[in-house]
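The next block holds one structure in the form of C-alpha cells; read it before the comments.
The values are calculated or read from the model by the stated rules, or taken from the named source; none is laboratory data. This is a predicted model, so every value here is computed, not measured. With ideal geometry, Cβ positions are generated from the backbone for all residues, glycine too; neighbour counts draw on all protein chains shown. Quick note on the areas: whole protein, heavy atoms, side chains included, nothing else; ligands and nucleic acids left out. Shrake-Rupley method; radii C 1.70, N 1.55, O 1.52, S 1.80 Å.
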Amino acid sequence: PRVCVVGSGPAGFYTAQHILKHHGGARVDIYEKLPVPFGLVRFGVAPDHPEVKNVINAFTQTARSERCAYYGNVTVGKDVTVSELRQAYHAVVLSYGAEDNQVLGIPGENLSGVYSAREFVGWYNGLPENRDLKPNLSCETALILGHGNVALDIARILLSPLSLLRKTDITEGSLASLACSKVKRVWLVGRRGPLQVAFTIKELREMINLPGARPVLNPADFTGLENAVKDAPRPRKRLTELMIKTALEKPKDKTMEAQAAAPREWGLKFQRSPQEVLPTADGRQARGIRMALTRLEGSGDSAKAVPTGDVEELECGLVLSSIGYRSLPLDPAVPFDTQRGIIPNSSGRVEGVPGLYCSGWVKRGPTGVIITTMNDSFDTAQSVLEDLQVGTLDVSTSREGFGAVESILRSRGVRPVSFSDWEKIDAAEVARGKAAGKPREKIVDPQEMLRLIGH
C-alpha cells in the first residue's frame, strides 16, 4: 500500500511512524509546503525549550526509513491537488495543521502595534512568512490577550534576559530587535477567572522564576479560591495553589527580595474582554485598549464571561492576540467545517470521502501539546491500518505514488526538496549557530535554502 501524508509537523510524522511500524509493506510519502520539515516543532516551540524539540530525532529516524520519503517545497492544493494525490495513492492523510489565527473582531485590531501570537511566534522562530514582521518594541507596556501556554511563551521571550536568549536558536533578527526593546511590563489578560486559565503549571513556574522579572498578581483575584479548588482535578488544583501562593506571599528570602526589586514585571488580569484597540492621535498606532469587565456565569471550564457594563482602559503600545490558531480549507475537493475550523471526520476518516483521512489540529482543532497530537495521530493511523486490513482500501490495484506525482510536479515547474537536501540545510544552520555560540542559526529565507542545496 502507498500512503501519502500532507504536512510534516508532529501530526504528519507520528501518523507516518505508526503506519510504518505496524504495516511491514506500506510505503509512506510525506509532502510539505516549506523546504524544511517539522512544522510547529521548529516554528512553534519556544527557543528556550530545546528539550521539547528532541522529538525531531525520532522524526528523523522515520524520514530515513527506506519505506518513507520526504518531499518539501510542494504546496498541496496548488502544486498538486488532493484529487491527483488520491489517484496516485491508496490512502491520503491530511495533517497540515492550523496556518491561520482567530481574529478578535474588534475595532482597531489592524492598527500598527497589534499582532497575532501566531505571527509573533513565527517571527522569533524563523517562520519564513513572518520574517519581515518588524514588531514595534519601543513601548514600555505590552498586553497579551489570552491565558494559554503560547501567551506565557511570548511574555517570557519579551522579558527574558538577553544572556539566556543568546544561547537558544532564536533568530538573529529577532534577537537584535529584543536587544533594543523598551518593553518592561507585560500584562496577560483573559475574559474569565483564575480557575479557567489554559496554561500549565510548568510554564507558569518558569515565568514566576524568570530572572530579572517579578510577578504582579492582585491578591483580591485569589481570595477565597482555596475552597473553590478543593475538589478540582489535581493539575488544576496545583496550578491554582501556585497562583495563590505567588499572589499572597510576602518576599521572605534574598532571592525573593532581589525579585521584588526586578526591573521588569508581568501580571495576570482576569475577567476582562477586549472591546477596542485605541489609536494614537494620528490614528495609526495602538496606544491602549478598552476592555469590558465581565462576570462569570456557571463554574469550572464551562463558565461563561458576561459583560457587566463597566469598562476599563489600559495604556499599551504593543498588543498581542493569543486567542487560538485556526485551520484553513486546503482544496475544494475536501469537506471543511468553517464554523469549527476542522475537516469533518470520524476517527480520522474524512466524512464522505473514502480513502481520505486527517490527523492533528486540522482533525480536532488547535489544542493540546505534542503528546496529544501523537495519540491523535496514532488513532488516525490505526483507522488507515484497519481499512487496509478489512479491504475498505483496495490495494489490488497498484498505485504509482510519487512516480505519478513527480511528472505532475515537473510539468508545473516544481522541484521537491528531499530529506537529504534538508540535512544539508540543517548542517549549514548548525554550523552558523556554532560560530555564534548557539545550537543553530535558522535560515529564514526559502530562496536562500534552495540556493544552498543547488535548486
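With label points built 7 Å along Cα→Cβ from the Cα atoms of Glu313 and Glu119, find their separation and express it in nm.
According to this spin-label approximation, the distance is 2.5 nm.
Under 16 Å Cα-Cα from Lys438, which lysines qualify once same-chain neighbours fewer than 8 residues away are excluded?
Lys53, Lys167
Count the net charge of all other residues whose Cβ sits under 12 Å from the Cβ of Glu129, scoring Lys and Arg as +1 and Asp and Glu as -1.
Within the 12 Å Cβ shell, the charges total -2.
Helix 402-411 sits at what angle to the longest principal axis of the chain, using alpha carbons and giving 0 to 90 degrees rounded to 10?
Helix 402-411 sits roughly 80 degrees off the main axis of the chain.
Does anyone have the angle between helix 234-248 and the longest principal axis of the chain? Alpha-carbon axes, 0 to 90°, nearest 10?
30
Explain nothing, just compute: Karplus ³J(HN,Hα) = 6.51 cos²θ - 1.76 cosθ + 1.60, θ = phi - 60°, for every residue of region 435-446 in order, whole Hz, x for Gly and Pro.
Whole-Hz 3J(HN,Hα) from phi for region 435-446: 4, 9, x, 10, x, 6, 10, 5, 7, 9, 9, x.
Using heavy-atom solvent-accessible surface (probe 1.4 Å) with all chains present, what is the largest-first order of Arg131, Arg192?
Arg131, Arg192
Quick check on region 101-324: of the DSSP beta bridges with both residues there, what percent are antiparallel, nearest 5%?
If I count the DSSP bridges inside region 101-324, around 40 percent turn out antiparallel.
Taking Cα pairs under 8 Å and at least six residues apart, what relative contact order does the chain come out at, in percent?
Relative contact order comes out at 24 percent.
How about Lys245: which lysines have a C-alpha closer than 30 Å to its C-alpha, ignoring those fewer than 8 places off in the same chain?
Lys182, Lys184, Lys202, Lys230, Lys237, Lys254, Lys269, Lys304
Please give the per residue accessible area of the chain, computed with a probe of 1.4 Å over protein heavy atoms only, in Å².
Result: 45 Å² of accessible area for each residue.
Need the list of aspartates and glutamates near Lys442 for cross-linking: C-alpha distance under 14 angstrom, and skip anything on the same chain fewer than eight residues off.
Glu129, Asp169, Glu172, Glu423, Asp426, Glu429
Measure nothing but the geometry: give the 0 to 90° angle between the long axis through the Cα atoms of 370-390 and the longest principal axis through the Cα atoms of the chain, rounded to 10°.
Roughly 20 degrees between the two axes.
Quick check: with the 1.4 Å probe, what order do Thr81, Thr171 take by accessible area, largest first? List each step's numbers first, then the result.
On the way: Thr81 45, Thr171 10 Å².
Most to least solvent-accessible, the answer reads Thr81, Thr171.
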